[in-house]
Amino acid sequence: MGAAALILAAGEGTRMKSTLPKVAHTILGVPLVRYALRAAHDAGCERVVIITGHEAETVESLLPDETCVRQEEQLGTGHAVLCAADALADWSGSLVVLSGDTPLLRAETVRQLIDERERTGAAAVVLTAVMDEPAGYGRIVRDPDGELSAIVEHKDLAPGQHDISEVNTGTYCFDAAVLFEHLHRLGNENAQGEYYLTDIVAVLRAESLRVATVTTDDAAETLGVNSRVQLAEASKVLQRRINRAHMLAGVTMTDPDLVWVGPDVTFGRDVVVEPMTFVMGECDIRDGAILGPDTRVTDSMVAENAVVDSSIVVNACVGPGATVGPRAYLRPGTVLKRGSKAGTSVEIKNATIGEGSKVPHLSYIGDADVGEGVNIGAGTITCNYDGVRKHKTVIGDRAFIGSDTMLVAPVRIGQGATTGAGSAIARDVPDGALAVERCEQRTIEGWTARKRAEEDPDGE
Ligand code: UD1
Ligand code: CA
């Protein structure tokens, strides 16, 4: 049977002390709310509704393809769920409720909740965890025969209840119809004056409806992010989980504590990721590539056996066997073809560097199309911007660009053409030609000695 999911993401997250809503804070480059969304999708939920409220536009901008429902006033988690009643009026069957601030929750665990509800026919299944430090969480209160009887929020605990180490993780699977039928019974007579979703447990029990629990054996998975300290803790857990999976699949990480890999990165076999390397966004890193040390790769493809050393690569494509760095900056639209090179202190933007072509030192190549087997001398710059518009530079196969050439775009260098070092080339160069633009050199014999004599006639 299918399941739908409801993600609660309307809260401000006061404890973050931030102008950004809590669920927009990121872990490994991905906003918290998107982790809940991912867990719901991966668990097989065929429909997802997200409750937004505080700074709703900001949160909704992170969820462009999703159904969001506004909770205009944040009156509590129970009230938040009630806001989705219309959006889910036609849904019957399992409804998973997730918090937008629980990024470590695994899809398998969500699936377990759905399966448990389907197996038992319970009105609700609550995911619980046993914690060494349960402070801050709602506690699980069981009756003498071990059945869940109520969830008590930390601020509403009675003396003696503080020792309860089993907590509510804020993750549930409900019978949607039963849930919406009983939600209006929630009150707000509690320490926070809020409509708590957690009170639904006592309401359902009073009706003799069945409420089951699933207890996770991995309490870390249910960590709720309420403060920046917990944000850092969750980042660390996720970093370890992701790196471990990649290492088990054949990626070498010399020091995995110093490697940060986002959840949307794929690696081939025998990739090596050296310390202080960040691989974020959607990346495809193919077999045998070496990244780092000290490297950032974002939303890019790095092909087989390419090497990126101490460099930044954003929205770019590094071809097979190509080498990048040290200290190169490949900006959006860069395509390095097979065996090409972007060397030391080289910046490339919106440009293709053809097969086997080399840009070894201190160059800026922007808005350019460089052919195959081209050599670009040190200090070459494509002057692509005239202050109003960007213009293109085209360099033919096997051309040789002398050091410190200024290529004033739009300009076209023919196949096999050569430019003299230090030239400002503003006009097209035909195939096979040499273009030099340089003042005649003057050489004055004996000049140094005469100059010194003038300045110091006594020779002291
Ligand atoms: C909640 C649970 C607590 C549980 C803990 C697990 C309640 C009353 N308490 O507490 O039992 O141990 O999660 O992490 O549910 N939200 C809204 N609208 C609101 C209020 C909150 O959408 O009006 C959203 C928040 O954005 C957040 C989630 O609901 O994503 C949980 O709210 P939060 O304030 O963090 O609840 P906790 O105090 O952590
Ligand atoms: Ca929380």
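A few points about this structure:
- Screening A5 on (1) part of a strand (DSSP E or B); (2) among the small types (G, A, S); (3) within 16 Å of ligand 2 (Cβ to nearest atom) shows it passes everything except condition (3).
- Selection within segment 327-337 - of a type outside the set (S, T, Y) and either surrounded by 16 or more Cβ atoms within 10 Å (Cβ to Cβ) or outside the structural domain of G288 (by TED's automatic domain parsing) (or both): R327, A328, L330, R331, G333, V335, L336, K337
- Matching residues, segment 78-96, being within 16 Å of ligand 2 (Cβ to nearest atom) and buried (at least 24 other Cβ atoms within 10 Å of the Cβ): A80, V81
- Qualifying residues in segment 189-243 (those that are polar (S, T, N, Q) and in a loop (DSSP other than H, G, I, E, B)) - the one farthest from ligand 2 (Cβ to nearest atom): S208
- Residue ID - surrounded by the fewest Cβ atoms within 10 Å (Cβ to Cβ), chosen from residues in segment 48-71 that are away from ligand 2 (no atom under 16 Å from the Cβ) and more than 24 Å from the chain's Cα centre (by Cα): R70
- Some residue of segment 235-248 being within 16 Å of ligand 1 (Cβ to nearest atom) and under 22 Å from the mean Cα position of the chain (by Cα): yes
- Inclusion of E12 among residues that are farther than 28 Å from D175 by Cβ, within 16 Å of ligand 2 (Cβ to nearest atom) and either modelled with pLDDT of 95 or more or assigned to a loop (DSSP other than H, G, I, E, B) (or both) is warranted.
- Leading residue by the ranking (farthest from ligand 1 (Cβ to nearest atom)) among those in segment 192-205 that are without any contact (Cβ under 8 Å) to a residue 60 or more places away in the chain and under 14 Å from I151 (Cβ atoms): R205
- Filter result for R111 (out of contact with any strand residue (DSSP E or B) (no Cβ under 6 Å at 6 or more places or on another chain) and crowded, with 17+ Cβ neighbours inside 10 Å): yes
- The set of residues from segment 212-233 being more than 14 Å from ligand 1 (Cβ to nearest atom) and in the same structural domain as A177 (by TED's automatic domain parsing) comprises A212, V214, D217, D218.
- Lone qualifier among D299, D367 - being of a type in the set (D, E, K, R) and either in contact with an Asp or Glu (Cβ under 9 Å, 6 or more places away or on another chain) or not assigned by TED's automatic domain parsing to the domain that holds V272 (or both): D299
- Exactly one residue among A43, A39 is assigned by TED's automatic domain parsing to the domain that holds T171, within 20 Å of A107 (Cβ to Cβ), within 16 Å of ligand 2 (Cβ to nearest atom) and modelled with pLDDT of 95 or more, and that residue is A39.
- Residue count, segment 151-187 (criterion: at pLDDT 95 or above, more than 16 Å from ligand 2 (Cβ to nearest atom) and of a type in the set (D, E)): 3
- Elements of type strands (runs of 3 or more DSSP E) contained in segment 362-426, each with 3 or more residues being buried (at least 21 other Cβ atoms within 10 Å of the Cβ) and in contact with a Ser or Thr (Cβ under 7 Å, 6 or more places away or on another chain): 364-370
- Unique match (being within 24 Å of S227 (Cα to Cα), more than 16 Å from ligand 2 (Cβ to nearest atom) and at pLDDT below 95) among D143, D132: D132
- In summary, Q74 fulfils each of the numbered conditions (1) away from ligand 2 (no atom under 16 Å from the Cβ); (2) over 25 Å from A206 (Cα atoms) with the single exception of condition (1).
- When S94, S99 are checked against the criterion of being in contact with a Gly (Cβ under 7 Å, 6 or more places away or on another chain) and modelled with pLDDT of 95 or more, S99 stands alone in meeting it.
- Segment 287-306: number of residues that are more than 15 Å from the chain's Cα centre (by Cα) and closer than 18 Å to I242 by Cβ: 5
The values are calculated or read from the model by the stated rules, or taken from the named source; none is laboratory data. Because the structure is a prediction, the values reported are computed rather than measured. All Cβ positions, glycine included, derive from the backbone under ideal geometry; neighbour counts span all protein chains shown.
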